[in-house]
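The values are calculated or read from the model by the stated rules, or taken from the named source; none is laboratory data. For clarity, every value in this text was computed on a predicted model and none was experimentally measured. Methodologically, a virtual Cβ is constructed for each residue, glycine included, from the backbone with ideal geometry; neighbour enumeration extends over all protein chains shown.
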Amino acid sequence: MNLVSVRLITDDVDRLVDFYERITGVDADRPTPDFAELRTPHGTLAIGSTRAVGLFGAGSARPADNRTAIIEFLVDDIDAVFAALDDATEIVGSPRTMPWGKRSALVRDPDGTLVNLFTPVTPPAIAKFAGVPR
């Protein structure tokens with residue numbers, strides 16, 4: 001088994017795609033107005049419209065209703081990435097070094113999902129992410 005993607009459901013695909021393109025620097029593939037994918041070397045963040053939810057099962061997902069997941073992006077320099085965030089980005093936590101060796105900053109996407117931007121900073125964390133493209 002291989003985790004291929006995480007999909008967020010939203011009422012405003014354009015707004016969410018714009019946010020993730022800005023914080024990741026990755027251009028989204030937009031095969032339809034109701035769906036987009038931001039592909040990274042190790043996984044894909046998919047963004048789907050509420051209009052498409054019925055294809056999976058009516059009422060099976062609700063936009064802006066997540067308070068359990070954190071989407072994480074490995075970045076080269078969290079302090080530089082954090083400094084470059086614009087005023088429209090909701091900051092939850094400024095960069096700080098966590099006990100497990102990641103220097104992390106938390107932000108919220110426009111629908112309220114937590115996003116962790118991090119850089120490994122301790123030798124074990126650096127070793128764990130060695131060779132992982134950023």
#### Entry: From Gly112, Gly93, residue being touching a residue at least 24 places away in the same chain (Cβ under 8 Å) and either not in a strand (DSSP E or B) or not aromatic (Phe, Trp, Tyr) (or both)
Gly112
### Task
Enumerate the pairs (first residue in the range 63-88 and farther than 10 Å from Phe118 by Cβ; second residue anywhere and among the acidic types (Asp, Glu)) with beta-carbon separation below 9 Å, excluding pairs fewer than 6 apart on the same chain, so at least 6 apart or on different chains.
Pro63/Asp11; Pro63/Asp12; Pro63/Asp111; Ala64/Asp11; Ala64/Asp111; Asp65/Asp111; Asn66/Asp111; Ile71/Asp109
### Query
Can you pull out the residues in the range 17-48 that are over 18 Å from Arg134 (Cα atoms) and either in the same structural domain as Asp109 (by TED's automatic domain parsing) or charged (D, E, K, R) (or both)?
Asp18, Asp29, Arg30, Asp34
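Would you call Ile78 surrounded by 15 or more Cβ atoms within 10 Å (Cβ to Cβ) and in contact with a Pro (Cβ under 7 Å, 6 or more places away or on another chain)? Steps first, please.
Working: surrounded by 15 or more Cβ atoms within 10 Å (Cβ to Cβ): yes; in contact with a Pro (Cβ under 7 Å, 6 or more places away or on another chain): yes.
Judged against the criteria, Ile78 is a match.
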### Task
Go through the range 3-40 and count every residue that is buried (at least 17 other Cβ atoms within 10 Å of the Cβ), polar (S, T, N, Q) and modelled with pLDDT of 95 or more.
1
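Which ones in the range 36-57 are within 30 Å of Asp77 (Cα to Cα) and either over 20 Å from the mean Cα position of the chain (by Cα) or assigned to a strand (DSSP E or B) (or both)?
Of everything in the range 36-57, those that are within 30 Å of Asp77 (Cα to Cα) and either over 20 Å from the mean Cα position of the chain (by Cα) or assigned to a strand (DSSP E or B) (or both) turn out to be Ala36, Glu37, Leu38, Arg39, Thr40, Gly43, Thr44, Leu45, Ala46, Ile47, Gly48.
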### Query
What number goes with the only condition from (1) charged (D, E, K, R); (2) within 21 Å of Asp14 (Cα to Cα); (3) in contact with a strand residue (DSSP E or B) (Cβ under 9 Å, 6 or more places away or on another chain) that Asp79 does not pass?
(2)
